[in-house]
Structures are given as structure tokens and as C-alpha cells.
Amino acid sequence: MRPTHFITSCCAALLSVGVLFFPLSAEVLHAVESGVAQQLRFDGPAWIAKEEGLQGKGVGNVAWAARGITGPNAKVQIQLALNELNHTAASISLGPGSQFGFDGSGKRLFLQGPVFGGETRFLDSATTEIQPGKMFLVELMTSDGRLNIAIDGKQVYEGPLKGPLGLVGLRPWRSTMTVQQFTIEGDLSEGAWLPKKLGDEIAVPTIDLAQDVSRQTVIARGTKDIYQGHPTTLLMPDGKTIFAAWTYNHGGRCGPLKRSDDGGLTWSELIDVPENWSDVQNCPCLHRLVDADGTARLFVFAGRGDMTQSVSLDQGKTWSPMQKNGLKCIVAPITILPINDGTKHLAIYHRGAGDRDRPPLQIWQAISSDGGLTWEDQRMVAAVEGANPCEPFLLRSPDGKQLMCLMRENARRLNSLVMASDDEGETWSDPQEVNAALTGDRHCARYTEDGRLVIAFRDVVKKSPTYGHFVVWVGKYADILAGKPGQYRARLLEHHGRPLDTGYPGLERLPDGTFVATTYVGYRRGERNSVVSVRFMVDELDRLAKELQPVTVWKSGDDGYDTYRIPALIPAQDGTLLAFCEGRRHSRSDTGAIDLVMKRSVDQGKTWSDQVVVWKDKDNTCGNPCPVVDEATGRIHLLLTHNLGEDHESAIKLKKAKGTRTVWVCHSDDNGQTWTDPVEITDTAKNPDWGWYATGPGVGIQLKHGPHKGRLVIPCDHSYSIDPAVDKKGYGFGSHVIFSDDHGKSWQLGGTIHPNMNECQIVEIGDQGQMVIDMRSYRGQGCRAQSISNDGGQTWSEITDARELVSPVCQASLVRYRWPTTDDPGILLFSSPRDPSKRRNLTVLASFDDNKTWPWKKTLYPSHTAYSCLAPAGAGQVGCLAEVGENNPYETISLFLFDLPKSEAKNR
């Protein structure tokens, strides 16, 4: 049977169950015909034409019809086969973001995503409708808000539809999908397909100003009942008067308007405005427009559907009622720029299907020749198939010759978008992606005095350390068009409300160079959104960004080593910084030929000596450095572990290896210039029932107080045997300490902490020698675990989860920088990847109350990171030696230097 005959017969069967009228004017697009791709676009590798049909496979590999469905009445027909039914999640993608799935949990049909109301729903078993390797026909038909789905003429779903189907794609996921026919019919979208090209990794430093409340001004406070949202601002020519307008509720009614006469430091009460402002909804936008005769007027534009505007002729003292201006929009124009030497103004904004906030979204523009009073020449200037460009922001190039338009991408398939015009908006380039560092919603830009750009927006990159918060980007105009990441970013405010419900900004630059960035934000937990501004200067950000540029101490591939891992950092008594790590000769693996290497710095971490090999034993594994300084003698004790290079960790844990993991120590009496040969201490430091063993990694401590004052304590971890009937792995993980009371001459085994604990660090708190052990946790809580010892490490309390110390399953660093004095509180410092599940976003936290709270946070590296070690670096600075890289965490071991945190929680 020819595929076309098959489709016709099944269509007749579907019509018998009550489907639906289609206008004769509907367009038809043949994405696949007779097994050959016709009008398809691919996310992932192109599909292959084979005798049985067009074939694709692989997670993330989607074949999209070249145009999407924009109208309420549509028909989709797909004849395809799946190679298997085995929970493959193979589906038809709609949107993108929604799925009609063939093979979900329990081999059931499923619905997923916003098209189907947002929740995942499972239908009947797929095996009753689909046979592996056999062609079947799927038909989706929509009419006036209803969707009907049939397989081989049998209805499998009928229900409400939230908007048009949008883009339609084929998603094999874990299956192999073979397609003979793929046709869509209905009102189809316009615009060229833009493939995903740029990544979603943030490769520039991210500064964090969110903890510095002294920079923040609350313009309108939210309460449990009142939501203040979507502000814009306008700086007047005097350089100090700022207006702010916003809405009540999300996209709600307009009306709130305030004025500041001191550059945003203080604000007036609400300004009286005409009553009909409250009849208009959604994102009021403030503008000052000067016509060709030099007359200046203030405007507020707003509206969803019909655009409205209000005008003030007396510098904002009084305002006209809102009136429709003949334009259509979803959100009023954020920017309106003078063009053609100021004789006209260009407004740019977005519209949706049926002039409602639904895809496909398109960019439109209009022209005013009378300073904004009237508008004409409304036309579409950008559409992107498979994407939803919206909320455009206009700016001029530094030389004034080019217009740039930055756009939010609301399908979340691409990064944010940019296009440019060299003829004052007459024509525009095709939209293209910007770098992930600039990807977000509702951009607002201002130039610095030196010609750089500061751009504020809501961060929507899921891999970003500031996802869902209010940020600014600093870089050059040319960076944007070139897809470059710019210089750095800064988080201005931490959002505590509904996810992504923040970030619509106003941004102004005052004459002294101060930037005032204003947004709506969940300012405090338990409150609805407030309108808040943040003040900063680029010179401050430049200095803070410079602090975040690390010194590369080791780079994988250098000096004959494939990879460097497991950093440790400690200052000697003379102030020399000593850095240790494992030099892995042949691979990144934890097994094999691994040497213990070291470097020294005599200038507080700025430069480093040549590499010294502290311990090398043929092709065996020498590692896990954990140094401690004995302040009474100045001796540096370096605790280490060893195993045969041929033995793998898994075999050692199960006691099936040729050897086992052993414990060693060496020392230096000349501030790390020379080292003794390592001496084994396994007999007194390891329980013979244990398999795996690791010292640190990180540093040990010497107790300052209490009955065990002077004791050297080393944090360690181990594996222990478990009955396979209880745990099929046959082993568990635990933490423990070893200690010396005779200045390192002998070492004893202390108390253990079970279960599900691993690599750890310790700090002393209080004046009685109490210790906190902070541990890598396998409890699945996305944070560290801790225990307390009151007897020098012989016994430990019950395990607790340290919720503030967010971390994946990974090593972390915990050190004391300073003991409390009569003038200053003590300081504990903690570093780890600040993500509950992934090794990314290296962040330092500070506690000023001995581990009770951690109010100070500083992001050092937003991208890939793993192990780290903190230490005082001298001159009031702290060093963090950490594994970091742009593509994976193990590219470098680098030293980050930053100023000592202040107890006022100011990150300046």
C-alpha cells in the first residue's frame, strides 16, 4: 500500500469519530514525503534516508517541521515506526516544550508540557496501538481550543488545547524512529529556522552584590497581599530626577508612579495619575521623546493587545488619560530611539498569534514623525521558526552608525537573540544567538564612560549560578554580535519568590558614573514582589572581577602529567604558601601511576615555583595530600595515602585487590623546601576491616583550646564491609579522624562517623576544643553533613544536614581564618560547588558565629568546578585553590585570591 493511500483511509476513519472542519485556505507543508526529508530542520544530526524511510535516533535529536502552526484549526499526519517499546520516551514534540509520547513509563502513551496543561499524564498502554517495527499513522487535529489525537484511526486522546500547536517535531529519544510521511495543514508561521549553535555555559566571572543591602533601595515594598511588578525607569536630563512606573500584580493594572529627586536614593509618595490608567494592564514603559522642533514630552506606553499611551507636557507633574495609539502589542516598547537625525522615532516591540500572548511571537516596529504623538508604518521585522523572539531592546553602536536589537527567546530553545540594522531600521539582519552570558529576559542597556556596555536582565540560563535572579553583564558592543561572552557578570539581587518572576529592569547611569538598576523581585521570603533598585559603579565591578581572575597553578597536560587533581593549600610559618596535588601521569583516573607534587609561592600566591615531586613510587598511586602545621615546632606534617597502581578503588573496597590502601606521613622543617621520605603509619591509623582510605583531602588542624590543646588532627574517610544481604554493594562509606599528641611522632585512630559519609574537613569552635567535622554526604540532601566532637575527636555526635552549605556529592573545604577578638568576630570559611547536584559554581561562604549561620557568599567561578582548599594568603586576603575549567572541572588547578569578608555581609 502506498503511504498516501494509507493516510487517506485512516483520515476517513478519524473523521468518523467526530473531527473537524478546516478552512479551504489552509496551507499544507510536507515535511517528509515517501521517506525523504522535504521541509525539515534538525536539532542534532541530520536524519538518514533509508529504504524503509527517514531514520533518526538519539537523545536531544529532534526533526522539526520547517514551519509551525499558528491558527486554531490544524491537522498533523505522521506515518512512522519505532524499533522498540522499552520506556524510550519517543514522542511528537509540540511547542517546543510539550510532548505526545508513545513509550513512557510502563510502556504507556503520555502527555507532557504546557500544551497539555503543564503536568505529565499517562494514557493507555502503547502496546495495544503500536507494534515495534511496524508503521502506524498518528493524526493530531485541532479546532477552536480542542485537540484530538488518533493512532490508526482510533482516538487515544481528546481534550482542551492551550493555544496553537506551534512547532511540530519528531523526537526519537532512546528509540530509533523511521518516518514515511509527515504533513501539517493549517495557518503556518513565517520566519527562517535558526539552528542552535551556541552553548549554555557561562564562561566569565560572576560577581555577587546581592548580599550588600547598603546598595539597595526599596521603592515599593510588597506584602503578603500586595504584589509590585514590572517597573521601568526614566532619568531626566538634569541627571538626578528619576521616574519609576510599575504595575500592581503580575502584568496587572497600571497606575503606580513615583519620582526621585536625588538619583534614586529617596522616592516620593505615589503621584496622582488619571483614573483610566488602572484600566490598562501590563508593563508600563517610560520614555522622554523630543520632536524635530525640540519639544520634549514624557510618555508612558502600556497595554496588552491595544497599545495605549499617556503624555506629560510639564516634566511629569501631570499626565493625560491613557489613549489607544493604533498599535498592537503584547508588551509596550522598552526602548524608543530617535532616527534620521532626530526627525523620527523608532519603536520596537512584539506581538503574538491573534495579538494574544501566545506563540509564535514576532518582532514589530512603528515610526513616529511627531515626537511620539502618532504612529505609522507598523510592520513585522523579525520572526524565527522554532523560537519566540520578544521584549526587544534597541541601542546604537558606539559610533552611532548601527542599530542593535536584543531579544528574549521565549521558546527556550535558543539563547537570547540579536539583530542589527545599518539603515535606521529600514532593514534588519537575520536574528542570531548571543552568548549564554548575555542570555536572559527583558534586557536594558546603558553605556559606561569608557564605551563599554552594562546590560541588566533576568538570567534564564539553567546552568548559570545566577539562574532566575537579577543580573548585569559588562562587555563591549562588538562582543554581542560576535557571540562572545564579554568581560563578567554580576548578580544584583537574589530572588526569593516564584521562579523567574523577577528581572524586568530599568537601568540609568548618573553623571558621576553610578548605575541605578531597578527591578521587581521577591525581596524577602514570605512577601510578594517588591520594586527595588541597586546602585553600583563599574570601577567597583572591575576591581571585584579582577579578584575573580585566578592564577593557574597547574594545567592538565603540562610537565608530563595528563591531569592534576586533589588540591591542598596551606601557609607555612614564614608565610610561604604551599600547594599540593596529585599528578596523574597517564589519565584522569583515580587509579594508576599518580605522583604527589608541590609548588611554593613567596609572594602571597601571585607567582609559583617550579614543580617538585614530593613522592613517586614507580607506577603506583601516591596521593590525597593533607598537610598540617605544628605551630609549636614549625614542622609541616604531610599525611598521604598509597596503593598499587594496578589496584582499582572498587576492588580495594571489596577487598579483592592485590593490595590495599595504606597511610603514610612525611614532613618538612624548612617551610616546604625539602621533605623527608614518607613513613607508613597504617597499623595505628587504619582499622584492618576497612578497604578504601583517604586522608583529607584538604588540610588538618592543631587544637588551640581545651584539654587536648596542641593535638594535631587529620580528617579522613574510609570504606567498611557490609553484609551484601543488607546492602548489595557489600561496603559503605564513613568519615573519621586520626590524631597525634606528640608533635607527629605517632598517630592514632580517632572516632568514626557512619553511614554514607566520605571526604571531610574539620574546624575547632568555642574555647573548649570542640570540633565540627564537615563531610561529603551520600544522604541525597544536596548539602553537606556535619557532626560534633567534644573529646578531641574520640567520639562524634549524630549526623545533621548542613542545609546552608549547598553542595553536590563532592569534596569541600572548611577552615578557620580568624578567632574572635574583643573587636572582631571570628571567621569560618567554606568553599564548594554551590549546586545540589552538579559540580559547578565555585562559591565561598563565611560564618561569623562559629558555623551557626553563613550570611556572606561570594561566587568565584560559575562554571565547572570540583575540589577546593581554602587558606589565608596574607595581606588580608584569602586563597582558594580549586579545580576549575571551561569544559570540565579538571582542566586546571587555579588559585583565586579575594579580600577578607566583613561581618556586615558587605561584598565590596
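Exactly one of (1) of a type in the set (Gly, Ala, Ser); (2) assigned to a loop (DSSP other than H, G, I, E, B); (3) within 20 Å of Ser740 (Cα to Cα) is unmet by Ala694. Its number?
(2)
Quick one: Phe393 ticks every box in (1) farther than 30 Å from Gly169 by Cβ; (2) part of a strand (DSSP E or B) except a single one, so which number is it?
(1)
What number of residues within segment 582-606 are surrounded by 22 or more Cβ atoms within 10 Å (Cβ to Cβ), in contact with a Leu (Cβ under 8 Å, 6 or more places away or on another chain) and either modelled with pLDDT under 95 or not charged (D, E, K, R) (or both)?
Result for segment 582-606: 5.
Give me the pairs, please: first residue somewhere in segment 66-87 and over 30 Å from Gly106 (Cα atoms), second residue anywhere and in a loop (DSSP other than H, G, I, E, B) and of a type in the set (S, T, N, Q), beta-carbon distance under 9 Å, and either six or more positions apart or on two chains.
Ala66/Gln38; Ala66/Gln39; Arg67/Gln39; Arg67/Ser189; Gly68/Ser189; Ile69/Ser189; Thr70/Ser189
Please specify each residue of segment 462-483 satisfying the condition of being closer than 12 Å to Ala436 by Cα, touching a Lys or Arg at 6+ places or on another chain (Cβ under 8 Å) and among the basic types (Lys, Arg).
Lys463
Please go through segment 196-209 and pick out each residue that is in a loop (DSSP other than H, G, I, E, B) and either surrounded by fewer than 18 Cβ atoms within 10 Å (Cβ to Cβ) or at pLDDT below 90 (or both). Outline the logic, then answer.
Going through segment 196-209, the residues in a loop (DSSP other than H, G, I, E, B) turn out to be 196-205, 209.
Those that are in a loop (DSSP other than H, G, I, E, B) and either surrounded by fewer than 18 Cβ atoms within 10 Å (Cβ to Cβ) or at pLDDT below 90 (or both): Lys196, Lys197, Leu198, Gly199, Asp200, Glu201, Ile202, Ala203, Val204, Pro205.
Sort out for me the strands (runs of 3 or more DSSP E) sitting completely within segment 802-902 that have 1 or more residues that are touching a strand residue (DSSP E or B) at 6+ places or on another chain (Cβ under 6 Å) and over 20 Å from Glu494 (Cα atoms).
813-818, 827-833, 856-874, 877-885, 892-899
Can you say whether Lys656 is surrounded by fewer than 23 Cβ atoms within 10 Å (Cβ to Cβ), over 19 Å from Gln811 (Cα atoms), free of Cβ contacts under 8 Å to residues at least 12 places away in the same chain and of a type in the set (Lys, Arg), as far as the supplied structure shows? Give the derivation first.
Numbers: surrounded by fewer than 23 Cβ atoms within 10 Å (Cβ to Cβ): yes; over 19 Å from Gln811 (Cα atoms): yes; free of Cβ contacts under 8 Å to residues at least 12 places away in the same chain: yes; of a type in the set (Lys, Arg): yes.
So Lys656 fits the description; yes.
Please go through segment 581-616 and give me each residue that is more than 31 Å from the chain's Cα centre (by Cα), within 26 Å of Asp630 (Cβ to Cβ) and in a strand (DSSP E or B), ordered by number.
Once the filter is applied, which keeps residues that are more than 31 Å from the chain's Cα centre (by Cα), within 26 Å of Asp630 (Cβ to Cβ) and in a strand (DSSP E or B), segment 581-616 yields Asp595, Leu596, Val597, Met598, Lys599, Arg600, Ser601, Val612, Val613, Val614, Trp615.
Across segment 297-329, which residue is farthest from Asp238 (Cα to Cα) among those that are within 42 Å of the chain's Cα centre (by Cα) and of a type in the set (Gly, Ala, Ser)?
Restricting to residues being within 42 Å of the chain's Cα centre (by Cα) and of a type in the set (Gly, Ala, Ser), the top hit is Gly305.
Please go through segment 341-375 and pick out each residue that is β-branched (Val, Ile, Thr) and either within 23 Å of Lys401 (Cβ to Cβ) or in contact with a Phe, Trp or Tyr (Cβ under 8 Å, 6 or more places away or on another chain) (or both).
Thr343, Ile348, Ile363, Ile367 - these are the residues of segment 341-375 that are β-branched (Val, Ile, Thr) and either within 23 Å of Lys401 (Cβ to Cβ) or in contact with a Phe, Trp or Tyr (Cβ under 8 Å, 6 or more places away or on another chain) (or both).
If you check Asp677, Asp717, Asp683, which single one turns out to be over 40 Å from the mean Cα position of the chain (by Cα) and not in a loop (DSSP other than H, G, I, E, B)? Steps first, answer last, please.
Numbers: Asp677 fails: not in a loop (DSSP other than H, G, I, E, B); Asp717 fails: over 40 Å from the mean Cα position of the chain (by Cα).
Only one candidate passes the filter, namely Asp683.
Every residue, every condition in (1) basic (Lys, Arg); (2) within 28 Å of Gln228 (Cα to Cα), yes or no:
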position	(1), (2)
Cys283	no, yes
Ala292	no, no
Val300	no, yes
Val311	no, yes
Asp314	no, yes
Lys328	yes, yes
Ala347	no, yes
Arg356	yes, yes
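Could you identify the single residue in Gly169, Gly222, Gly229, Gly186 that is under 30 Å from Lys858 (Cα atoms), small (Gly, Ala, Ser) and in a strand (DSSP E or B)?
On inspection, the qualifying residue turns out to be Gly229.
Output the residues belonging to segment 103-114 that are under 18 Å from Leu165 (Cα atoms) and more than 24 Å from the chain's Cα centre (by Cα). Let's see the steps before the verdict.
Taking segment 103-114 first, the residues under 18 Å from Leu165 (Cα atoms) are 110-114.
Answer for segment 103-114, where residues must be under 18 Å from Leu165 (Cα atoms) and more than 24 Å from the chain's Cα centre (by Cα): Phe110, Leu111.
Would you mind listing the strands (runs of 3 or more DSSP E) fully within segment 462-564 where at least 1 residues are within 23 Å of Leu235 (Cα to Cα)? Explain how you work it out, then say what you get.
Working: elements: 470-475, 488-493, 506-509, 514-521, 530-537, 551-555.
Fully inside segment 462-564 and qualifying: 470-475, 488-493, 506-509, 514-521, 530-537.
The values are calculated or read from the model by the stated rules, or taken from the named source; none is laboratory data. All values reported here derive from a predicted model rather than from experimental measurement. Positions of Cβ are backbone-derived with ideal geometry, glycine not excepted, and every protein chain shown enters the neighbour counts.
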